[in-house]
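Participant: Let me begin by handing over the structure; questions about it come next.
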Amino acid sequence: AILGNLASALKGRFEALGNAKDITHAIGILQGLIELFPDGHPPKPAMLTNLGGALMTRFDHLGNVDDLKSALKMSRRAVELTPSDDPGALAGRLSNLATDLGGHFEHFGDMEDLREAIDTLRRAIDLLPDGSSDMPRCLSNLGGYLQTRFEHRGDTEDIESAIQVLSRAVDLTSDDDCVLKSCWLQNLGNALGSRFQHGGKMEDLEKAVEVSRRASQLTPDSSPDKPGCLTNFASFLLGRFQHRGNMADMDHAVE
C-alpha cells in the first residue's frame, strides 16, 4: 500500500510539474509491485489498472507508442483477473480497457480496436446498476465511439445508437453538475450534426442548435471549456443560416 501510494504521488507530481523522471519512477514501482504477487492475489487487478493508467499518462505526454501498447496489455490483464462476482470493479476495468482501445484506434486506425472498444463499453454498461454515477460517462464514451464508427463506415444504425445513448447520458445528469452535463450535451449536439450531414434532415440541425445552446448556457464563463462550447454553438447557428437564410442566426453566430 505504501509503495502504491508513492507511485500515485509521483504520477500526480508529474502531471503537475512535467518531470519525466517522476512518471518513470512511478511506473517502475508499479511494475515491481506486480511482479511480487501471483495472479490470484486480490489486489493485483487494481495494480495492473494503476500501471496501465501511469503508462497512458506517460504516452499522452511523451508519445512513446510502446507505452500505449503496454497500457492496453495491462488493461486487458486487469479485466481477465477481475472475478465476475465483483461487477462494480469489472465494469470500471472494462471502461478503462475501452478507453485504451480507443487510444490505440486513434493512433493506429485499426477498426477492430474501435469495434472492441464499443463491445467492451456495452459490456461495462450492462454490469452497472441503475443509478450508478459511472453510467453517464460510460454512455457518453460509447456514443462517441459509435459516432466515430459511423463517420468511418456510414452505417446509420451506429449514429442512431450514438444519439440514443448520448441522450440517455444527458437525461441521467443533473443540471447541478453543469460541467459534465455541458460535455454530454456537446457530444449529443455533435452526433446530431453528424446525422444531419449524412441525412439532411433539418430536424437534426434544429436539435443540434438547441442542444449546443443549452450546453453554452450551462457552462460557466470561468470554465476553460467555455470558448470551445461557444464556438460549437456558433457553428450550428451558421449551418442553420446557410440552410434557412435567417440573418438572426448569422448575427447570433457572430456574437
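The values are calculated or read from the model by the stated rules, or taken from the named source; none is laboratory data. Not measured: the values here are computed from a predicted model. As a convention, Cβ positions derive from the backbone with ideal geometry for all residues, glycine included, and neighbour counts pool all protein chains shown. We work out accessible area using only protein heavy atoms, side chains counted, and drop any ligands, DNA or RNA first. Shrake-Rupley method; radii C 1.70, N 1.55, O 1.52, S 1.80 Å.
Participant: Once segment 74-185 is represented by equal point scatterers at the alpha-carbon sites, with solvent omitted, what log10 I(q)/I(0) does the Debye formula produce at q = 0.13, 0.17, 0.19 Å⁻¹?
Facilitator: Summing over Cα pairs of segment 74-185 leads to -0.49, -0.82, -0.99.
Participant: About its Cα centre, what dipole magnitude does the chain give when the only charges are +1 on Lys and Arg Cβ and -1 on Asp and Glu Cβ, stated in debye to the nearest 20?
Facilitator: Result for the chain is approximately 380 debye, rounded to the nearest 20.
Participant: Okay, next question. Along Cα→Cβ, 7 Å out, is where each label goes; now give me the distance between the ones at residue 31 and residue 60 in nm to one decimal.
Facilitator: Between residue 31 and residue 60, the simple spin-label model gives 2.1 nm.
Participant: In the chain, which helices (entire DSSP H runs) extend 15 Å or more along their own long axis, judged by Cα positions, while averaging at least 0.5 on the Kyte-Doolittle scale?
Facilitator: Length and hydropathy pass: 2-17, 20-36.
Participant: Okay, moving on. Cross-link candidates for residue 69: which lysines have Cα within less than 27 Å, leaving aside residues fewer than 8 places away along the same chain?
Facilitator: Filter leaves 11, 21, 44.
Participant: Residue 207: which aspartates and glutamates have alpha carbons under 16 Å from its alpha carbon, excluding same-chain residues fewer than 8 sequence positions away?
Facilitator: Partners found: 160, 171, 249.
Participant: In whole percent, how big is the carbon plus sulfur part of the accessible area of the chain, probe 1.4 Å, protein atoms only?
Facilitator: For the chain, the apolar C and S fraction of the accessible surface comes to 50 percent.
Participant: Now for a different question. Which lysines, on any chain, are close to residue 201 with Cα under 29 Å apart, when same-chain ones fewer than 8 places away are left out?
Facilitator: 181, 226
Participant: Report the calculated FRET efficiency for residue 73 and residue 222 (r = Cβ-Cβ distance, R0 = 41 Å), to the nearest 0.05.
Facilitator: Calculated value: 0.55.
Participant: Ratio of segment 140-255's C-alpha Rg to 2.2 N^0.38 Å, to two decimals?
Facilitator: Working: Rg = 13.9 Å, N = 116, 2.2 N^0.38 = 13.4 Å.
Taking the Cα Rg and dividing by 2.2 N^0.38 Å, one obtains 1.04.
Participant: Per residue, how much accessible area does the chain show when a 1.4 Å probe rolls over the protein heavy atoms, in square angstrom?
Facilitator: Ligands and nucleic acids excluded, the figure is 52 Å² per residue.
Participant: When the gyration tensor of segment 1-96 is built from Cα positions, what are the square roots of 5 times its three eigenvalues, in whole Å, from largest to smallest?
Facilitator: Details: eigenvalues 102, 43, 25 Å².
Result for segment 1-96: semi-axes of 23, 15, 11 Å.
Participant: Another question, if that's okay. Could you tell me which label, among [x] 1.03; [y] 0.98; [z] 0.95, carries the value of Rg/Rh (Cα atoms, Kirkwood Rh) calculated for this structure?
Facilitator: [x]
Participant: Could you order 62, 101 by accessible surface area, starting with the largest, using a probe radius of 1.4 Å?
Facilitator: 62, 101
Participant: To the nearest 10 Å², what's residue 181's accessible area with a 1.4 Å probe?
Facilitator: Roughly 10 Å² of residue 181 is accessible to a 1.4 Å probe.
Participant: Given labels modelled 7 Å from the Cα in the Cβ direction, how far is it in nm from residue 111 to residue 238?
Facilitator: 3.1 nm
Participant: Let me ask something else. Compute the FRET efficiency between residue 130 and residue 176 as 1/(1 + (r/R0)^6), taking r as their Cβ-Cβ distance and R0 = 30 Å, and round to the nearest 0.05. Working shown, then result.
Facilitator: On the way: r = 20 Å, r/R0 = 0.65.
FRET efficiency, residue 130 to residue 176: 0.95.
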